[in-house]
Amino acid sequence: MPLTFRDLVTRARALPKGGRRAILGIAGGPGAGKSTLAVSLVRELNGSGEPWAAHVPMDGFHLADAELDRLGRRDRKGAPDTFDAAGYAALLRRLREEDEDDDPVYAPGFERVLEQPVAGAVPVPASARLVVTEGNYLLLETGAWARVRSRLDEVWFCELPEPERVRRLVARHERYGKSHEDAVAWALGTDQRNAGLVAATRGRADLVVPAGALPPGAARRVR
């Protein structure tokens, strides 16, 4: 039987055991649908009650443009060394150690219009028994990224046919202000180099999520 979104919801719901908070990672290349899947899972798992699941994107750990300028990395923003990977790994460790009596944990978010991280933008309430985090490099084994995998209970890998992934990525860049020409150049340049790194980590995932298992309507919302 083909994997469905309902199967993914059931699997995610079963990850926390014995009252312990679990962390689910969703990896995949730029434009593969990671954010769409994460948001849809959290919405489905929470229903209308007290938040049981929380969404913590990796994108909040982008280095600010001022720091990328200082380091000379602005022209390849989105590459592994343009993130605070050690900070992200430390947050995941903290999230695993929290119990239900503790205060909320605040994670940084990412403002796509400004293309900048925003501190303290993502609250993770003590009631959250599942944290869903998503990003390109969850399965990377170099540098501080190597600390990430051991702090995740499972990692799923979103996979789309390349022409569709690139089409959606170009559309996203255009939506946030790039001209069509600049969007194509970035998607086929910097983004494509990063996508190659991510694709090489696919075999380390616990589950590969095909396009057919994305939630209904994802074709219009994939990020």
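The values are calculated or read from the model by the stated rules, or taken from the named source; none is laboratory data. Everything numeric here is computed off the predicted structure, so don't read it as measured data. A quick note on method: Cβ atoms are made from the backbone with ideal geometry, for glycine too, and the neighbour counts reach across all protein chains shown.
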When the stretch 202-217 is checked residue by residue, the ones that are in a helix (DSSP H, G or I) and at pLDDT below 95 are A211, G212, A213
Of the candidates G28, G19, G47, the one satisfying the condition of being among the small types (G, A, S) and under 28 Å from P163 (Cα atoms) is G28
Check your understanding: Scanning for something in contact (Cβ under 8 Å) with a residue 12 or more places away in the chain, closer than 19 Å to P215 by Cα and in a helix (DSSP H, G or I), does the stretch 28-35 turn up at least one residue?
Key -> yes
If we ask which residues in the stretch 15-42 are surrounded by fewer than 22 Cβ atoms within 10 Å (Cβ to Cβ) and either in contact with a Cys (Cβ under 9 Å, 6 or more places away or on another chain) or over 19 Å from V124 (Cα atoms) (or both), their number turns out to be 1
Counted residues in the stretch 1-39 being modelled with pLDDT under 95, under 28 Å from G196 (Cα atoms) and among the small types (G, A, S) come to 6
Given the structure, is E154 closer than 19 Å to I26 by Cβ, in contact with an Asp or Glu (Cβ under 6 Å, 6 or more places away or on another chain) and either of a type outside the set (A, V, I, L, M) or at pLDDT below 90 (or both)? yes
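Right, A187: assigned to a helix (DSSP H, G or I), touching a residue at least 12 places away in the same chain (Cβ under 8 Å) and in contact with an Asp or Glu (Cβ under 9 Å, 6 or more places away or on another chain) or not? Lay out the reasoning, then the answer.
Details: assigned to a helix (DSSP H, G or I): yes; touching a residue at least 12 places away in the same chain (Cβ under 8 Å): yes; in contact with an Asp or Glu (Cβ under 9 Å, 6 or more places away or on another chain): no.
Answer is no for this residue.
Working only within the stretch 106-141, note down all residues that are of a type in the set (A, V, I, L, M), modelled with pLDDT of 90 or more and either touching a strand residue (DSSP E or B) at 6+ places or on another chain (Cβ under 6 Å) or loosely packed, with under 13 Cβ neighbours inside 10 Å (or both). Working first, answer last.
Residues of the stretch 106-141 of a type in the set (A, V, I, L, M): 107, 113-114, 118-119, 121-122, 124, 126, 128, 130-132, 138-140.
Subsequent filtering for residues that are modelled with pLDDT of 90 or more retains 107, 118-119, 121-122, 124, 126, 128, 130-132, 138-140.
Across the stretch 106-141, the qualifying residues are A107, V118, A119, A121, V122, V124, A128, L130, V131, V132, L138, L139.
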Flagged in the stretch 125-166 as touching a residue at least 60 places away in the same chain (Cβ under 8 Å), assigned to a helix (DSSP H, G or I) and either of a type in the set (A, V, I, L, M, F, W, C) or closer than 24 Å to R112 by Cα (or both), in numbering order, are W145, R165, V166
Considering residues that are over 11 Å from V198 (Cα atoms) and either charged (D, E, K, R) or buried (at least 23 other Cβ atoms within 10 Å of the Cβ) (or both), the number found within the stretch 142-159 is 7
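What residue, of E67, E98, is surrounded by fewer than 19 Cβ atoms within 10 Å (Cβ to Cβ) and at pLDDT below 95? Write out each step before concluding.
Working: E67 fails: at pLDDT below 95.
Matching residue, one of E67, E98: E98.
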